[in-house]
1. Does residue 86 meet the test of being in contact with a strand residue (DSSP E or B) (Cβ under 6 Å, 6 or more places away or on another chain) and modelled with pLDDT under 95?
2. Just checking: which of the strands (runs of 3 or more DSSP E) contained wholly in region 50-110 hold 2 or more residues that are loosely packed, with under 13 Cβ neighbours inside 10 Å?
3. Out of region 26-49, which residues are in a loop (DSSP other than H, G, I, E, B) and either modelled with pLDDT of 85 or more or surrounded by 13 or more Cβ atoms within 10 Å (Cβ to Cβ) (or both)?
């Protein structure tokens, strides 16, 4: 990892992270310095893990997130105001489990 990976240089416009779509420095809001990818969205039925029933239709967005002070990128999964951020290592492990766990693979293939 280079120094620019940890402390990117901002030009007041586009970010030095190729995946970042944030227009840094356009306002004085702290979120101006949060790095976000454009993300990918889809509609899915969701519910809390402690809920029952059919769930509800919701827009889900998945993207890369890096807040000021972070030393690594995070995979963000967001449903409105609720979200989860996995470290990149955690996201790789999730991908591995989804592909390799026989019970999960069977449930996803049906």
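1. Working: in contact with a strand residue (DSSP E or B) (Cβ under 6 Å, 6 or more places away or on another chain): yes; modelled with pLDDT under 95: no.
No: the conditions fail for residue 86.
2. Details: elements: 56-66, 74-79, 82-87.
Output list reads 56-66, 82-87.
3. Of all residues in region 26-49, those in a loop (DSSP other than H, G, I, E, B) come to 26-29, 34, 37-39, 47-49.
34, 37, 38, 39, 47, 48, 49, listed by residue number.
The values are calculated or read from the model by the stated rules, or taken from the named source; none is laboratory data. Quantities reported herein were computed from a predicted structural model and do not represent experimental measurements. Methodologically, a virtual Cβ is constructed for each residue, glycine included, from the backbone with ideal geometry; neighbour enumeration extends over all protein chains shown.
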